Amino acid sequence: MRILVVEDEKKVAGFIKRGLEEESYAVDVAHDGEMGQHLAESNEYDAILLDIMLPKKSGVEVLKELRGRNIRTPVLLLTARDSVDDRVEGLDSGADDYLTKPFAFAELIARLRALLRRGDQGLTILQFGDLSLDPATRRAKRGEREIELTVKEYALLEYFLRNPNRVLTRTMIAEHVWDHTFDSETNVVDVYLNHLRNKIDKNEEVKLLHTVRGVGYVLRDEE
């Protein structure tokens, strides 16, 4: 899952980025409204964490322009301002939720997961055939077999489970699992996919993760 954090306080942005990466998210960061809007319009994100008080362009201005361009990425507003009017303005501008600073990181993660679940029609367990993943507990299983995953393997599996039967190119995978600074010319994606495939398909009669030669990979239950 790829998240955009638009926050001008660099310490706060760094704290959020580190915490989200520990939760297996790929994170891009912008420190002003103009750059945040540019990234949001140029890339596909699963959610945006958007501060209201930003240099160059406010978070509310950014949000209104994104919604005006029909960009429907879930947005969680972050702000130190806690008046009712501020909350109403943010929500009326198209925000999906609102979190007041200072906040506990655990609450931020809980609200972010809730936003992402809305896109999955409220599903809490991601499942394809006998392969399942619980984002809340970060537990993966193939049938009754527990699968231990590294941070990046978890992020890869989550991305595939959210896009079953869809061919995912190496570029798409890199953009969603790593951040925008990732060097797409390396073979890191293929290396991690091979590790993941060994964990979910080894000794299994039905193989789920397949290579589409010259294109990328797909999660499906047949060759």
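Just so you know, all these numbers are worked out from the coordinates, no wet-lab data involved. What you are looking at is a predicted structure, and each value in this text was computed from that prediction instead of being measured. Cβ placement follows ideal geometry from the backbone for every residue including glycine, while neighbour counts extend to all protein chains displayed.
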Legend entry - Dipole of the chain [Lys/Arg +1, Asp/Glu -1 at C-beta], most positive-end residue of L209, V88, G68: L209
Legend entry - Estimated [θ] at 222 nm from DSSP helical runs (n ≥ 4, -39500 (n - 2.57)) normalised by residues in the chain, nearest 500: -12500 deg cm²/dmol
Inset, instruction - Count the net charge of all other residues whose Cβ sits under 9 Å from the Cβ of L78, scoring Lys and Arg as +1 and Asp and Glu as -1. - result: -1
Legend entry - Rounded, prolate or oblate (a/c below 1.5 giving rounded, otherwise prolate when a/b exceeds b/c) for the range 1-157 by Cα gyration tensor: prolate
Inset, instruction - Rounded to whole Hz and in sequence order, give me ³J(HN,Hα) for the range 101-118 from the Karplus expression 6.51 cos²θ - 1.76 cosθ + 1.60, θ = phi - 60°, writing x for Gly and Pro. - result: 7, x, 9, 7, 4, 4, 6, 4, 4, 4, 5, 5, 4, 5, 5, 5, 5, 4
Legend entry - Dipole moment magnitude, nearest 20 debye, the range 2-119 about Cα centre, only Lys, Arg, Asp, Glu C-beta charged: 200 debye
Legend entry - Lys, Arg +1 and Asp, Glu -1 on Cβ, resulting dipole of the range 126-219 about Cα centre, debye, nearest 20: 200 debye
